[in-house]
1. Once you keep just the Cα pairs under 8 angstrom separated by 6 or more residues, what percentage relative contact order results for the chain?
2. Where a ≥ b ≥ c are the square roots of the eigenvalues of the C-alpha gyration tensor, would you call the stretch 45-91 rounded, which needs a/c under 1.5, or, failing that, prolate if a/b is larger than b/c, or oblate?
3. GNM, the chain, Cα, under 10 Å: largest mean-square fluctuation among L45, L66, L58?
4. Given only helices, namely DSSP H runs of n ≥ 4 each adding -39500 (n - 2.57), what is the per-residue ellipticity at 222 nm of the chain, to the nearest 500 deg cm²/dmol?
5. Quick one: pull the percent of accessible area on the chain belonging to carbon and sulfur, 1.4 Å probe, ligands and nucleic acids left out.
6. Separation between the L66 and T2 pseudo-spin-labels, each 7 Å from Cα along Cα→Cβ, expressed in nm?
7. Show me, for the stretch 15-28, the HN-Hα J-couplings you get by feeding each phi into the Karplus relation (A = 6.51, B = -1.76, C = 1.60, θ = phi - 60°), rounded to Hz, glycine and proline as x.
8. What residue among R35, R54, R79 shows peak mean-square fluctuation when the chain is described by a Gaussian network model with Cα springs under 10 Å?
Amino acid sequence: MTITSKREKFCQQLALGKTKTEAYSEAFDTTNMNRRTVAKRASELSQVEAVAERIDELQTEIEQELKYTAKQSFDEFERIRRDAVNCGALL
């Protein structure tokens, strides 16, 4: 099954940490739905194979970006620390 733009938005919202219900409400018009219906549809949509695969894919991308950013931050901290030691600012 194809990922529509609304399904993509649902997947992105989930990958960013929103609940299924929140993500569904962000992606679809839920104005005339009660909360239980939204929760049920969100749960069902998250179990559609193509949607579940896309959510996993997005979560993996985010995890990789976070790992890289953490490594960059640590490397920059180490560079600043070495410079401070070399200047005599830190003993």
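1. The value is 28 percent.
2. Working: a/c = 10.84, a/b = 7.29, b/c = 1.49.
It is prolate, given that a/c is not under 1.5 and a/b is the larger ratio.
3. Highest fluctuation among the options: L66.
4. -25500 deg cm²/dmol
5. Answer for the chain: carbon and sulfur cover 52 percent of the accessible area.
6. 3.3 nm
7. 4, 7, x, 6, 6, 4, 5, 4, 4, 5, 5, 6, 8, 10
8. Among R35, R54, R79, the largest GNM mean-square fluctuation belongs to R79.
The values are calculated or read from the model by the stated rules, or taken from the named source; none is laboratory data. Computed from a predicted model, the values in this text were never measured in an experiment. Positions of Cβ are backbone-derived with ideal geometry, glycine not excepted, and every protein chain shown enters the neighbour counts. Just so you know, the surface numbers come from the protein's heavy atoms only, side chains and all, with ligands and any DNA or RNA stripped out. Shrake-Rupley method; radii C 1.70, N 1.55, O 1.52, S 1.80 Å.
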